[in-house]
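In what follows, a single structure is set out as structure tokens and then discussed.
Every read-out reported here was derived from the displayed coordinates using simple, explicitly stated rules and does not represent laboratory data. Computed from a predicted structure; not experimentally measured. Positions of Cβ are generated from backbone atoms using ideal geometry, with glycine treated the same way; all protein chains shown enter the neighbour counts.
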Amino acid sequence: MNRDSVNWVGAMPAITTPFDDNGKIDENELGDVIERHLALGATGVVVGGCTGEFWAMTAAERSRLFAVSKAVIGTRGTLIAGTGMIGVEDTIALTLQAEQAGCDGALILPPYFVKLTDDEIYAHYAAVTACIGLPVMLYNIPGNAVNYLTPKLVERLGQLERVVAVKESSGDWNNFYGTFLAVRDTLRVFCGPSSVFGVPAIELGADGVIDCFPNVWDEGGQTLFEAARDGERLLAARLQATGRRLTDLFTSGGRTLYPSTKAAMDLLGLPGGGKPRAPLRALSASQCDALAAGLQAEGLL
């Protein structure tokens, strides 16, 4: 398998996982989240990623998340399931459940917490991909996973049979650029922090974007992708500037990205908000007020 084995392209938002008042996955609201993104032109969605709080969910909950999401999206878009876990056997088991649910691909980050060598990371992916049938999108997010997928390592991992794509979410333009140059002919390359440098990434030739901001910002998904792809420079520049300001807003004043995303969705009356799972905590009243003021300044509220 390689990049030509899949048709993944465009904006595939990393969606939140809504929880009800009892802390369980709100399956009806999850459906509303997916429907909203499809209506906005998204080519698919990523469920159970970092934005989806996978790290605070049991394996059984993640498996259920995949099944419910597939029942909603059907064949109307690509469904990528975040199946990364620390252990090889656990990652294989969850990925096989995503495959059984009908997901189109698995988003797999390297084992997290403990610092690994490139050989150890490669061995993990090699063991996992030897036992699954789904196409794999590598996930580089060292700020959360500790372990870094360098361009050289991504190129090496791209030789594994099931690997067809990479989501480059390091936030480091040099690493994104190096990765793109190393694997653009063999893997599909998706820009993670599209709110920060999605436009230049797409202009460079990135196949798509996977970001959390389309959860709160309609134009931040497929509109941004198409503007950059089609050379609409003024529109693309405006959208990129908005994305940069929203990124700063969501991660300043004691706020962090995922609680801010859910709080903003609540302020905007969008499905998928609510309380994040512990150890994350909902924003304070003063933090919400500042967030609301920032959203108003951007014309979103």
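For the range 111-189, trypsin sites (Lys or Arg not before Pro) are listed when DSSP marks them as loop and at most 12 other Cβ atoms sit within 10 Å of their Cβ; the list is 115.
Under the criterion of Cα pairs below 8 Å and six or more residues apart, the relative contact order for the chain equals 18 percent. Over 29 Å apart at the Cα level, from the set 167/275; 115/167; 24/70; 70/167; 115/275, are 115/275. Maximal additional length on extending the residue 257-residue 237 stretch stands at 4.9 nm, based on 0.36 nm per residue less the C-alpha distance.
Counted by Cβ distance under 10 Å from residue 47, the other residues give a net charge of +2, where Lys and Arg count +1 and Asp and Glu count -1. Taking the helices alone, the chain has a mean residue ellipticity at 222 nm of -14000 deg cm²/dmol, built from -39,500 (n - 2.57) per DSSP H run of at least 4 residues and averaged over all its residues. Computed from backbone phi, the HN-Hα couplings of the range 216-231 come to 10, 9, 4, 6, x, x, 5, 4, 4, 4, 5, 4, 5, 5, 8, x Hz, rounded to whole numbers (Karplus: 6.51 cos²θ - 1.76 cosθ + 1.60, θ = phi - 60°; Gly and Pro given as x). Among the chymotrypsin sites (Phe, Trp or Tyr not before Pro) within the range 53-162, those in coil by DSSP and having at most 15 neighbouring Cβ atoms inside 10 Å are 113.
Computing FRET efficiency as 1/(1 + (r/R0)^6) for residue 75 and residue 113, where r is the C-beta to C-beta distance and R0 is 30 Å, gives about 0.20.
Applying both filters, DSSP loop and at most 16 other Cβ atoms within 10 Å, to the trypsin sites (Lys or Arg not before Pro) of the range 42-95 gives 76. Under a 5 Å amide H cut-off, with hydrogens placed 1.01 Å from N, residue 280 pairs with nothing among residues at least 5 apart or on other chains. With N as its number of residues, the chain has a Cα radius of gyration that, divided by 2.2 N^0.38 Å, comes to 0.93.
Amide H contacts of residue 188: 3, 165, 166, each under 5 Å away and 5 or more positions distant or on a separate chain (H built 1.01 Å from N in the peptide plane; Pro and chain starts excluded). Could you work out the local net charge near residue 10, counting Lys and Arg as +1, Asp and Glu as -1, over the other residues with Cβ closer than 9 Å to its Cβ? With Lys, Arg at +1 and Asp, Glu at -1, the neighbours total -1. Counting only DSSP beta bridges whose two residues both lie in the range 10-134, roughly 10 percent are antiparallel.
Across the range 281-294, rounded Karplus estimates of 3J(HN,Hα) from the backbone phi angles (6.51 cos²θ - 1.76 cosθ + 1.60, θ = phi - 60°) give 10, 4, 5, 6, 4, 5, 5, 5, 4, 5, 5, 4, 4, x Hz, Gly and Pro being marked x.
Max-minus-min Cα coordinates of the range 113-182 on each principal axis give 32, 27, 17 Å, with the largest extent listed first.
The modelled label-to-label distance for the pair residue 144/residue 301, using points 7 Å beyond Cα in the direction of Cβ, is 2.4 nm.
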